Amino acid sequence: AQSVSQHNHHVILSEAASLELGCNYSYGGTVNLFWYVQYPGQHLQLLLKYFSGDPLVKGIKGFEAEFIKSKFSFNLRKPSVQWSDTAEYFCAVNLEGFKTIFGAGTRLFVKA
Amino acid sequence: GAVVSQHPSRVICKSGTSVKIECRSLDFQATTMFWYRQFPKQSLMLMATSNEGSKATYEQGVEKDKFLINHASLTLSTLTVTSAHPEDSSFYICSAAQGSTREQFFGPGTRLTVL
């Protein structure tokens, strides 16, 4: 069955530290990839997406993600986190067609 | 950007009653809307996909007679939880997609509490 795995459920970082959140999926066909963020008390917002082309995609607020097809991965990175990045991050994979599967989420807490 | 609203944001009801949740795309026409359920500290679980004017497609394990979905127009989809029970208490989130795009825009969610 198709699945999306996020390796870290909780991450605690100090401000200015670098961030990398892992995401792997299991599906052999064409995929579209997303990272969503949910700030405390707010709804899901799109951080970045990959449909095709350059596998390194840049999103809002300094986030980027790299699609490595051979590894079925789409890891999220940010070189220097801020306290305001405290949120829950969801990796999502859209399979051929409209069905989208979400990872379990990673809660990031950034210490000021 | 595309905005999706949900109403109500919170609802508390008695066991056995039915609750209707609305999902609206405010500034675009949503050919497809999705309903998710999110349990505490867990991810979003897709419940059903609805296309305007046709019956919803439910995911395995989701009772279609309990969770009635109507997508009557390109800007409105409703989820009715019928004969609600405490185990139906959850956070329900809708999303909408426009045309052939795979990108979904999410509503703010509805917190349902069944007493």
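The values are calculated or read from the model by the stated rules, or taken from the named source; none is laboratory data. Just so it is clear, the model here is predicted, and its values are computed rather than measured. Using ideal geometry, Cβ is built from the backbone for each residue, glycine included, and neighbour counts are taken over all protein chains shown.
Within the stretch A:12-70, the set of residues being in contact with a Ser or Thr (Cβ under 6 Å, 6 or more places away or on another chain) and farther than 21 Å from A:Ile101 by Cα comprises A:Ala16 only.
Within the stretch B:16-47, the set of residues being within 11 Å of another protein chain (Cβ to nearest Cβ) and assigned to a strand (DSSP E or B) comprises B:Thr32, B:Met33, B:Phe34, B:Tyr36, B:Gln38, B:Leu44, B:Met45, B:Leu46.
Under 17 Å from A:Phe102 (Cα atoms) and either modelled with pLDDT under 95 or crowded, with 22+ Cβ neighbours inside 10 Å (or both), is that true of B:Ala72? Taking the combined requirement at face value, the residue does not satisfy it. If the condition is being more than 13 Å from the chain's Cα centre (by Cα), among the hydrophobic types (A, V, I, L, M, F, W, C) and more than 14 Å from every other protein chain (Cβ to nearest Cβ), then the stretch A:73-108 contributes A:Val81, A:Trp83. For B:Gln104, the requirement of being within 14 Å of another protein chain (Cβ to nearest Cβ) and touching a residue at least 60 places away in the same chain (Cβ under 8 Å) is met.
Given the condition closer than 30 Å to A:Arg107 by Cβ, in contact with a Ser or Thr (Cβ under 9 Å, 6 or more places away or on another chain), within 14 Å of another protein chain (Cβ to nearest Cβ) and of a type outside the set (S, T, N, Q), answer yes or no: does some residue in the stretch B:54-68 qualify? Yes. Looking only at the stretch B:76-95, residues that are touching a Gly at 6+ places or on another chain (Cβ under 8 Å), closer than 26 Å to A:Phe34 by Cβ and either of a type in the set (Val, Ile, Thr) or buried (at least 21 other Cβ atoms within 10 Å of the Cβ) (or both) come to 4 in all.
One residue stands out among those in the stretch B:24-60 that are in contact with a His (Cβ under 8 Å, 6 or more places away or on another chain) and of a type outside the set (Asp, Glu): the one that is surrounded by the fewest Cβ atoms within 10 Å (Cβ to Cβ), which is B:Ser54.
Annotation note: of B:Thr57, B:Thr31, B:Thr49, B:Thr17, the sole residue that is β-branched (Val, Ile, Thr) and modelled with pLDDT under 90 is B:Thr31.
All but one of (1) touching a Lys or Arg at 6+ places or on another chain (Cβ under 6 Å); (2) more than 19 Å from A:Ala104 (Cβ to Cβ); (3) crowded, with 18+ Cβ neighbours inside 10 Å hold for A:Phe67; which doesn't? Exception for A:Phe67: condition (1). Looking only at residues of the stretch A:46-72 that are of a type in the set (A, V, I, L, M) and away from chain B (no Cβ under 14 Å), we find that the one that is farthest from A:Val4 (Cα to Cα) is A:Leu56. Candidates are the residues of the stretch B:78-101 that are over 15 Å from B:Val62 (Cβ atoms) and assigned to a strand (DSSP E or B); the one that is farthest from the other protein chains (Cβ to nearest Cβ) is B:Thr78.
When the stretch A:54-75 is filtered for residues that are among the β-branched types (Val, Ile, Thr) and assigned to a helix (DSSP H, G or I), only A:Ile60 remains. When we screen A:Gly53, A:Gly28, A:Gly41 for residues that are more than 16 Å from the chain's Cα centre (by Cα), surrounded by fewer than 21 Cβ atoms within 10 Å (Cβ to Cβ) and within 19 Å of B:Gln42 (Cβ to Cβ), the only hit is A:Gly41. Among the residues making up the stretch B:61-77, a single one is closer than 18 Å to B:Ile93 by Cβ, hydrophobic (A, V, I, L, M, F, W, C) and not in a strand (DSSP E or B): B:Val62. The set of residues in the stretch A:76-99 being aromatic (Phe, Trp, Tyr) and either under 14 Å from A:Leu21 (Cα atoms) or assigned to a strand (DSSP E or B) (or both) consists of A:Tyr89, A:Phe90.
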